[in-house]
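Shown next, in structure tokens, is the structure this report addresses.
The values are calculated or read from the model by the stated rules, or taken from the named source; none is laboratory data. Remember, predicted model here, so these are calculated numbers, not experimental data. Ideal geometry is used to build each Cβ from the backbone, glycine not excepted, and the neighbour counts take in all protein chains shown.
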Amino acid sequence: MTIALETTATPKRRWRIAKLPGTLVLGGVILPASLVIAFFPNLFAPYDPTVFDYNALLAPPSAAHLMGTDSFGRDVLSRVLYAYTIDLQIAVFATLGPFILGTILGALVGYAGGFAEALLGRVVDAIITFPFLVLVIAIVAVLGPGLMNMYIAVGVVGWVFYARLVAAEVKVQKRLDYADAGRAMGYTHFRIIFRHLLPNSITPAIVYLMTDMALAILLGSSLGYLGLGAQPPAAEWGVQIADGKNYMTTAWWISVFPGIAIVVTGLGFSLLGDGLAELLRTKK
Amino acid sequence: MMNTMASQVLISAEEVFKEFPLPQNALRRLAGKPLLAVHALNGVSFQLNRGETLGIVGESGCGKSTLARCLVRLLDCDEGRVRFEGQDIADLHGAARRGFNRRVQMIFQDPYSSLNPRMRVREILGEALSVHKMRPRAEIPARIAELLDLVRLPSDAADRFPHEFSGGQRQRIGIARALAVEPDVLVADELVSALDVSVQAQVVNLLLQLQEQLRLTVVFVAHDLRLVRHISHRVAVMYLGKIVEIGPTEELFSAPRHPYTKALLDAAPELDPARRTRVVAARGELPSPINPPAGCLFNTRCPHAFERCFAERPLLTDRGPTHQAACHLHEFGLAAIPQIQDVEFAP
């Protein structure tokens, strides 16, 4: 009788797909696919998204128009695909700025502690007292509608969440001996914060970034729906849903397909975030 | 063995005080009572010669680690000063401070938190080497291999992360990191207390060898008396943030001149049943460092305490050429000394 012994050789660094978290794999499929569509919508869209076809107004899904047409005879499928460009752009631009700003500020504040920390706490309190959407709408209302102003509005509010996450994590990390070892080595504060503490503190912020991108798409769509974000005739899911709201009972396809696109893309980001959280957990 | 070395003071502490404020109670503040604080160090003084190993022992909470951190300036002392080559280290800034950091290194107690988990060993050592410009960039990989060899780790360790090593191996990485910058003084804070006994000897013997090889001056903070006896030239016994006795290792262990030292030695488990004793050398618990007793700090537990001990705090006074104790009973422990009084000490 032979018993197959598992050889305990040096641990291999090769990653096997099977070992990766399932959520990461699924998210890792949805998002790159979304990105490809966002960069090259013309390769997939059968029609120009802004061309009116007066012979096919409000046409139901068919072989010619897989997702039907809207009240101007524009192909819904093409508009959904072209909207990827704008909506993923919103996902990235509305979150990356707050992510970078909030992470840097949070790291500095968490390291400094004391007054800076108390101040950040009060600023966070002040900002999260307002409902997020209402505050963003108020800022956009002052600055005027449009994507750029939406990014500014989201940036003003969004950084606090990252700053709070990173500050709390850095505060924990800076008490560990490796931070003291850095100080005893005579390393600069800058090096200790950004080379040592931040890589060990940034995981929650990255995971939140993924969730936040999904939320940003929802927010972008909401503002588009309200007419404060992307402006017609640009193809954007929120704008499309708003276009279809008057035809909900007679031409459901105008609003439902962009809605599905929002859900799938948002899910992709969330799954990727969950998977990353699992993967990036520090090994002890 | 110490006498053969030129006694040249390298690092010294002068009346070092350190306290950590506690969260304050508004009522206390209104009542005008003094602010609460943990008195971690209550006037610590000692001198350390080049090439010497000083063991620092004491119970948990006696300020050993605080003292170690003050020596490498991870903490600034509230009063008193730490001098390195005669210079007050609190006055060092910029390049001078980095130079001091390079020359006085620390090894930490917990091998699991003292290494950055996201850096490979190569990066950990390489960073120390490049920040302090110990070697030209091209020679750094060779120096890393050399350092790993010095602490007896295989050269392929360089490309691994800390979590791939055992506690003893990690502690050796910590030693390699400290040695990377070629320091004069190594402060080892409970170097092996987190390790298995079987691994402890390995790491301690490595430290001893490196000390001889590299002529290091070592401050060895520990609570394991046998370990300290094994490794130190001189020993300082701390109690509630103060040194109560300091002297050559063998002299101090064989004939302690302070009741606390005697209590500490008697409390250590004795293997030989014939030498076991039931005599209680110290009673009660360690008093709170928030409110240390007036007079002699040890008076609450000392079996020999008399009136003067409650009124006046004893100073460290000479018990021999290099032996000092802080006790009003100057004769304490004298009887136990087997005529070593006449030994001549070279200056």
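In the stretch B:47-63, the qualifying residues are those that are surrounded by 21 or more Cβ atoms within 10 Å (Cβ to Cβ) and under 15 Å from residue B:15 (Cα atoms), and the one that is modelled with the lowest pLDDT is B:63.
For the stretch B:82-105, the set of residues classified as away from chain A (no Cβ under 11 Å) and assigned to a strand (DSSP E or B) consists of B:82, B:83, B:84, B:87, B:88, listed by residue number. Only residues that are modelled with pLDDT of 90 or more and surrounded by fewer than 19 Cβ atoms within 10 Å (Cβ to Cβ) were counted in the stretch B:255-274, giving 0.
Return yes or no: is residue A:114 surrounded by fewer than 24 Cβ atoms within 10 Å (Cβ to Cβ), closer than 28 Å to residue A:194 by Cα, touching a residue at least 60 places away in the same chain (Cβ under 8 Å) and small (Gly, Ala, Ser)? It is false that residue A:114 is surrounded by fewer than 24 Cβ atoms within 10 Å (Cβ to Cβ), closer than 28 Å to residue A:194 by Cα, touching a residue at least 60 places away in the same chain (Cβ under 8 Å) and small (Gly, Ala, Ser). Scanning the stretch B:133-169 for residues that are acidic (Asp, Glu) and free of Cβ contacts under 8 Å to residues at least 24 places away in the same chain turns up B:139, B:146, B:149, B:156, B:164. Filtering A:165, A:119, A:133 for residues that are without any contact (Cβ under 8 Å) to a residue 24 or more places away in the chain, at negative phi and of a type in the set (A, V, I, L, M) leaves a single hit, A:119.
Applying the selection to the stretch B:40-67, what residues are more than 26 Å from residue B:318 (Cβ to Cβ) and touching a strand residue (DSSP E or B) at 6+ places or on another chain (Cβ under 9 Å)? Once the filter is applied, which keeps residues that are more than 26 Å from residue B:318 (Cβ to Cβ) and touching a strand residue (DSSP E or B) at 6+ places or on another chain (Cβ under 9 Å), the stretch B:40-67 yields B:40, B:61, B:65, B:66. Do we have residue B:108 as under 14 Å from residue B:178 (Cα atoms), within 7 Å of chain A (Cβ to nearest Cβ) and buried (at least 16 other Cβ atoms within 10 Å of the Cβ) here? Taking the combined requirement at face value, the residue satisfies it. In the stretch B:60-75 there is no residue that is assigned to a loop (DSSP other than H, G, I, E, B), among the small types (Gly, Ala, Ser), farther than 24 Å from residue B:192 by Cβ and out of contact with any Asp or Glu (no Cβ under 8 Å at 6 or more places or on another chain). For residue B:149, the stated conditions hold: it is over 20 Å from the mean Cα position of the chain (by Cα), more than 12 Å from every other protein chain (Cβ to nearest Cβ) and assigned to a helix (DSSP H, G or I). Answer yes if at least one residue in the stretch A:55-73 is in contact (Cβ under 8 Å) with a residue 24 or more places away in the chain, under 26 Å from residue A:31 (Cα atoms) and of a type in the set (A, V, I, L, M, F, W, C), and no otherwise. Looking for residues that are in contact (Cβ under 8 Å) with a residue 24 or more places away in the chain, under 26 Å from residue A:31 (Cα atoms) and of a type in the set (A, V, I, L, M, F, W, C), one finds at least one in the stretch A:55-73, hence yes. Assessment of the stretch A:155-176 against the conditions (part of a helix (DSSP H, G or I), of a type in the set (A, V, I, L, M) and at pLDDT below 90) yields at least one matching residue.
When the stretch A:81-117 is filtered for residues that are in contact with an Asp or Glu (Cβ under 9 Å, 6 or more places away or on another chain) and under 14 Å from residue A:209 (Cα atoms), the ones remaining, listed by number, are A:90, A:91, A:94, A:95, A:98, A:99.
Scanning the stretch A:176-194 for residues that are more than 9 Å from chain B (Cβ to nearest Cβ) and without any contact (Cβ under 8 Å) to a residue 12 or more places away in the chain yields a single hit, A:190.
What residue, among those in the stretch A:54-105 that are within 24 Å of residue A:217 (Cβ to Cβ) and of a type in the set (Gly, Ala, Ser), is farthest from the chain's Cα centre (by Cα)? The residue in question is A:68. Which ones in the stretch B:90-109 are among the charged types (D, E, K, R) and closer than 8 Å to residue A:186 by Cβ? Result: B:97, B:98, B:102.
I'd like to check something: does the stretch A:195-216 contain any residue that is within 14 Å of chain B (Cβ to nearest Cβ), basic (Lys, Arg), in a helix (DSSP H, G or I) and free of Cβ contacts under 8 Å to residues at least 24 places away in the same chain? There is at least one residue in the stretch A:195-216 that is within 14 Å of chain B (Cβ to nearest Cβ), basic (Lys, Arg), in a helix (DSSP H, G or I) and free of Cβ contacts under 8 Å to residues at least 24 places away in the same chain. Tell me, which residue of the stretch A:253-284 that is surrounded by fewer than 15 Cβ atoms within 10 Å (Cβ to Cβ) and within 24 Å of residue A:75 (Cβ to Cβ) is farthest from the other protein chains (Cβ to nearest Cβ)? By that ranking, first place goes to A:260. Screening the stretch A:4-44 for residues that are of a type in the set (Ser, Thr, Tyr) and modelled with pLDDT under 90 and picking the one that is nearest to residue B:161 (Cα to Cα) gives A:10. Of the residues that sit in the stretch B:115-136 and are more than 9 Å from chain A (Cβ to nearest Cβ) and assigned to a loop (DSSP other than H, G, I, E, B), which one is farthest from residue A:183 (Cα to Cα)? Of everything passing the filter in the stretch B:115-136, B:136 is farthest from residue A:183 (Cα to Cα).
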